[in-house]
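Written out below as structure tokens is the structure these notes cover.
Please treat every number below as a calculation from the coordinates, not as lab data. Since this is a predicted model, take the numbers as computed values, not measurements. Glycine gets a Cβ as well: all are built from the backbone with ideal geometry, and neighbour counts include every protein chain shown.
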Amino acid sequence: MVCVRLILGDQLNEQHSWFKKVNSKTHYVMMEVRSETDYVKHHAQKVIAIFAGMRAMAEKLRQAGHAVHYFKIGDKQNRQNFADNLRQVFTQVKASRFEYQEPDEYRLDQELRHFARECGLASAVVSTEHFLDSREGVSQHFQPQAKRWLMESYYRMVRKKSGLLMDSSGQPLGGKWNFDEDNRKPWRGSPALPKPWDQRHNHAALWEEIERAGVQTFGQPSASDFPWPLNRHEALQQLKAFLERGLPSFGDFEDAMHTSSDRLFHSRLSFALNVKMISPKEVAEAAVARHLANPECISLAATEGFVRQIIGWREYIRGVYWAKMPQYREMNELNHQLPLPSWFWTGKTQMNCLRFSIGQSLSTAYAHHIQRLMVIGTFCLSAGVNPRAVEQWFLGVYIDAFEWVELPNVMGMSQHADGGFLASKPYLCAASYIGKMSDYCSDCDYNPKDRLGPKACPFNVFYWDFWIRHAKRMVTNPRIGMAVRQAMAMKPAEQLAIRKKADELRAKIEEI
Ligand code: FAD
Ligand code: DLZ
Ligand code: SF4
């Protein structure tokens, strides 16, 4: 029986059980296709990183003796979609069976299910063997009718089940589940930033191939000085360097932002994780092992903060995605309709925090969590930008942006488009927060202390306008009552002035 197995561009898991044995009757297929490069406009580095990672994986499999059929983006016989290319291979090798791994994206899941039914061969879908939990794990943990699913409750269950950061009596290590309040320090130049540890590649030839094929991208390709890992070996080196140099300060400065660094103490492991070069289990276990071996240098708070992102947030977000698609992508509970300003594609705005965070995203395909949530996300939410437009920008721009993780983070956590199902309060701030957590405000054209004058910081104007506009809906939420009550306690004339100022800013959003 001749079997054809499909490997997608985010399924670069060298350790998958598929590859344990070499079988001359099993053919692996990988393809660079326009159906994947064109469903959204991707950042140039994202396309390069995925193609380079796919090519490296194909080479590795060949060297191990596996039969690999690889379609490059510019190959003549490449029909530029999964179905047509697969049919070509089926005919060529006289296939009688088709297998694929669970895609992580709803669109591809539907497409491949349909293809498997129609292709005329026996078929099977298998696990990617990457995540800790199944697609349904999160929805099974909560009551189906619950108004919101709290990540913390799911996270505790995963901690208990995995034994990670638990003591021998089944209690959380250090007596607490969560050390979030220890993780909120601004960074003012000390401790010194770790020496960068990204491995550099030259992908100039690959970038030329991508351009020649006519793939439309945006952002800096950085092809000759490319900083993302190519394979598992490099991803493991990236993990090791982070544990040594980043993790000791990760917790303290998790929420900090600074113009002198685009990552501070963050790991930049999201690409390697999302394309499955490394697994969440091994990353979390490695962090815990480092802490246990050297608790003076790597605190429990830093370790717990990091582990929570990987085994808590990441798995929970995936579960929400599978429970709520396809409706989730269309949600817009706050009815926000403002178009995305065109400077999201250039970084040209006078708001220093956004100029820096968007500029960095365009040049590096990366921003850390607080830049995404509290700068870019806050601006869009408080100004009232259409959440679907925001979502499409996020899906294109980041090296780690795959819909299963990007969409709930944008629509749920950041834009409150799901009405608070995922995040119990809208994440939104005024200039005081940005000024406290970064150095962005010190060199800005706008005045972070003002909310009505000609140079009033737009974050202040939109912040108060948001609470005034959505007061009725928000006032009953115990986690945000204070901000709303403050907005409602303003004199009507002041409320009116803020609303007017916000409308003026919206009218000239392209120039602010
Ligand atoms: P670190 O801060 O070092 O964290 C370690 C790891 O934890 C990350 O690599 C990531 O795998 C995981 N993680 C942390 N926070 C989250 C989270 N909220 N959801 C899921 N995993 C998390 N992450 C993506 O992987 N892809 C996305 O497209 C994406 N879009 C986002 C959009 C918005 C609006 C927001 C607020 C967050 C988004 N995130 C996304 C989550 C998070 O911002 C990134 O995972 C993180 O910035 C990646 O950088 P890092 O590897 O240095 O992370
Ligand atoms: C994102 C992406 C891109 C740009 N190109 C390809 C490709 O040419 N071939 C491929 O197999 N996968 C690609 N991907 C990743 C897929 O879109 C990914 O499998 C889905 O986003 C599912 O998470
Ligand atoms: Fe951003 Fe306002 Fe600070 Fe300027 S003053 S950096 S716009 S928060």
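The angle between the Cα long axis of helix 232-241 and the main principal axis of the chain comes to about 30°, on a 0 to 90 degree scale. Among the GluC sites (Glu not before Pro) in segment 99-139, those located in a DSSP loop and surrounded by at most 12 other Cβ atoms within 10 Å of their own Cβ are E136. The calculated FRET efficiency for S342 paired with S134, based on their beta-carbon distance and R0 = 60 Å, is about 0.90. For segment 103-170, trypsin sites (Lys or Arg not before Pro) meeting the loop criterion (DSSP other than H, G, I, E, B) and having at most 16 other Cβ atoms within 10 Å: K147, R148. Per residue, the Cα convex hull of segment 173-272 amounts to 145 Å³.
Between the Cα long axis of helix 492-507 and the first principal axis of the chain there is an angle of about 40°, rounded to the nearest 10.
Segment 469-512 and segment 320-393 have Cα centres spaced 20 Å apart. Net charge near M488, counting Lys/Arg +1 and Asp/Glu -1 over other residues with Cβ under 14 Å of its Cβ? That sum, taken over residues with Cβ under 14 Å, equals +4.
Note on S424 and A489: the extension gain reaches 21.1 nm, defined as 0.36 nm multiplied by sequence separation minus the Cα-Cα distance. Once the Cβ-Cβ distance of Q77 and T259 is raised to the sixth power relative to R0 = 45 Å, the FRET efficiency obtained is 0.40. The packing ranking, built from the mean of other Cβ atoms within 10 Å per residue, places the peptides 317-328, 386-397 in the order 386-397, 317-328, highest first. Taking 0.36 nm per residue of separation and subtracting the Cα-Cα distance, full extension of the segment from L121 to E333 would add 72.0 nm. Going by a ≥ b ≥ c, the root eigenvalues of the Cα gyration tensor, does segment 27-135 fall in the rounded group (a/c under 1.5), the prolate group (a/b larger than b/c) or the oblate group? Verdict is rounded for segment 27-135.
To the nearest 10 degrees, how steeply does helix 458-469 sit against the main Cα axis of the chain, on a 0 to 90 scale? So the inclination is approximately 80 degrees. Amide H contacts of H69: Y28, V29, M30, each under 5 Å away and 5 or more positions distant or on a separate chain (H built 1.01 Å from N in the peptide plane; Pro and chain starts excluded). Cross-link partners for K508 among the lysines, with Cα-Cα distance under 23 Å and sequence neighbours closer than 8 places in the same chain left out: K348, K449, K455, K500. Placing pseudo-labels 7 Å out from each Cα toward the beta carbon at R87 and R113 gives an inter-label distance of 2.2 nm. Between S224 and R62, the FRET efficiency estimated from the beta carbon spacing at R0 = 25 angstrom works out to 0.40. The order of the peptides 369-376, 41-48 by mean Cβ neighbours within 10 Å, most packed first, is 41-48, 369-376. For R148 and R479, the difference between the fully extended length at 0.36 nm per residue and the C-alpha to C-alpha distance is 117.8 nm.
Across all Cα atoms of the chain, the radius of gyration (one decimal) and Dmax (whole number) stand at 23.7, 78 Å. As an equivalent ellipsoid, segment 342-507 spans semi-axes of 25, 20, 13 angstrom, where each value is the square root of five times an eigenvalue of the C-alpha gyration tensor, largest first.
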